[in-house]
Amino acid sequence: MPAHHSGRARTSLPTAAPSDRSQRLARAVAAMLPGAATARVSQRDPGKTWPSPHLRAYDAHGHQLPVTRAKALTAARWIIRAHPATDWTGEVHDFDLATGTLRSAAEAYVTTGGR
């Protein structure tokens, strides 16, 4: 039920700091994907010709973890919606589940030495 103030429903929810939101999102996604350290997210599923949220989960050693289609789609949508200013059209991004940071997968590849 919406919170009421002076008999009227609030039109907007209180906003949290962006870093707090990212950390809460990271905790929620990490709870959905046990053992995952990174979620690789894109707007293009390799098996489809149309845009579709896509997610792959990786552990701390860079090994891909199995994720059900429903969990992958849900987590990908959460991450994409939480970062509306990001260009999702052609680039893949890595979402760090420990810190809640989002960065380009190409950038992440270079900074980790290709791991």
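The values are calculated or read from the model by the stated rules, or taken from the named source; none is laboratory data. Values in this document were obtained by computation on a predicted structure and should not be read as measured data. No Cβ is skipped: glycine too gets one built from the backbone with ideal geometry, and neighbour counts run over all protein chains shown. We work out accessible area using only protein heavy atoms, side chains counted, and drop any ligands, DNA or RNA first. Shrake-Rupley method; radii C 1.70, N 1.55, O 1.52, S 1.80 Å.
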When every protein chain stays in place and a 1.4 Å probe is rolled, LYS48, LYS71 sorted by accessible area with the largest first are LYS71, LYS48
Cα pair distances of region 30-115 binned at 10 Å [whole percent]: 18, 55, 26, 1
For region 63-111, report the accessible area per residue in Å² (1.4 Å probe, heavy atoms, rounded to an integer). 64
Probe radius 1.4 Å, ligands and nucleic acids left out: which of GLU91, GLU107 has the largest accessible area, and how do the rest follow? GLU107, GLU91
Please compute the length gained on full extension between THR89 and ASP20, using 0.36 nm multiplied by the number of residues separating them and subtracting their Cα-Cα distance. 22.2 nm
Extension gain, THR99 back to ALA31 (0.36 nm per residue minus Cα-Cα distance, nm): 23.1 nm
Quantify, in whole percent, the carbon and sulfur part of the accessible surface of region 34-115 (1.4 Å probe; protein heavy atoms only). 55
PRO46: net charge of surrounding residues, Cβ under 12 Å, Lys/Arg +1, Asp/Glu -1, itself excluded? +3
